[in-house]
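J.: Got a structure here, written out as structure tokens. Questions coming.
The values are calculated or read from the model by the stated rules, or taken from the named source; none is laboratory data. Just so you know, these numbers come straight off a predicted model, no measurement behind them. We place every Cβ from the backbone using ideal geometry, glycine too, and count neighbours over all the protein chains shown.
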Amino acid sequence: MDVLILVGSESDLPVAEKAKAALDEFGVKNGIEVASAHRTPDKLDRLIRESDAKVFIGIAGLSAALPGVIASKTKKPVIGVPVDVALSGLDSLLSMMQMPGGVPVATVGIGNAKNAAHLAVRILALSDAKLAAKLGK
């Protein structure tokens, strides 16, 4: 698997499906798992530790801790997708963007999982000539 999409709740799955569809268009191997930073931290730890993914996409609303927790447990790129659950998603967006030094999370627009997938493809294309050719640039 090249990209592991993690969602904090089953209610975030429709957003994750948008990322999956975009990754599938490029032929990027991916998967989706539900694992909450708060409710199922042991499952989340296991998924991160055992994954052979090169890039993680974390999708979450409210406190939106998921991408930051992922980034704290891996040196691989993490892309955060804030979800509009409350406050028009601004709470989630700011939560993902305000990470401490050394724990980076690349954050896309609220609900914009497709852009997260496109960013993941660009990251992967840095070391994959066939994928870079699909990008056309």
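J.: With respect to Val69, is the statement that it is buried (at least 23 other Cβ atoms within 10 Å of the Cβ), outside any strand (DSSP E or B), free of Cβ contacts under 8 Å to residues at least 40 places away in the same chain and not acidic (Asp, Glu) true? Can you show your working first?
T.: Numbers: buried (at least 23 other Cβ atoms within 10 Å of the Cβ): yes; outside any strand (DSSP E or B): yes; free of Cβ contacts under 8 Å to residues at least 40 places away in the same chain: yes; not acidic (Asp, Glu): yes.
So Val69 fits the description; yes.
J.: Kindly establish whether Ala64 is over 16 Å from Val3 (Cβ atoms), hydrophobic (A, V, I, L, M, F, W, C) and surrounded by 17 or more Cβ atoms within 10 Å (Cβ to Cβ). I'd like the intermediate steps shown before the answer.
T.: Numbers: over 16 Å from Val3 (Cβ atoms): yes; hydrophobic (A, V, I, L, M, F, W, C): yes; surrounded by 17 or more Cβ atoms within 10 Å (Cβ to Cβ): yes.
The answer is yes for Ala64.
J.: Collect the residues in the range 78-137 that are acidic (Asp, Glu), in a loop (DSSP other than H, G, I, E, B) and in contact (Cβ under 8 Å) with a residue 24 or more places away in the chain, keeping them in residue-number order. Lay out the reasoning, then the answer.
T.: Step one: filter the range 78-137 for residues acidic (Asp, Glu), giving 84, 91, 128.
Now narrow it down to the ones that are in a loop (DSSP other than H, G, I, E, B): 84, 128.
Hit for the range 78-137 is Asp84, nothing else.
J.: Taking Lys134 and the conditions (1) buried (at least 19 other Cβ atoms within 10 Å of the Cβ); (2) touching a helix residue (DSSP H, G or I) at 6+ places or on another chain (Cβ under 9 Å), which numbered condition does it fall short on, given that it satisfies the others?
T.: (1) is the only condition that Lys134 fails.
J.: Let me ask something additional. Could you list all residues from the range 1-35 that are in contact with a Pro (Cβ under 9 Å, 6 or more places away or on another chain) and either in a loop (DSSP other than H, G, I, E, B) or among the acidic types (Asp, Glu) (or both)?
T.: Ala35
J.: Considering only residues that are in contact with a strand residue (DSSP E or B) (Cβ under 9 Å, 6 or more places away or on another chain), surrounded by fewer than 17 Cβ atoms within 10 Å (Cβ to Cβ) and closer than 26 Å to Arg49 by Cα, which ones fall in the range 78-102?
T.: Listed by number, the list holds a single entry, Met97.
J.: Next question. Kindly establish whether Arg46 is part of a loop (DSSP other than H, G, I, E, B) and basic (Lys, Arg). If you could, list the steps in order and put the result at the bottom.
T.: Numbers: part of a loop (DSSP other than H, G, I, E, B): no; basic (Lys, Arg): yes.
No; evaluated as a whole, the condition is false for this residue.
J.: A further question follows. If Lys137 satisfies every condition in (1) modelled with pLDDT of 95 or more; (2) farther than 17 Å from Leu6 by Cα but one, which is the exception?
T.: Just one mismatch for Lys137, condition (1).
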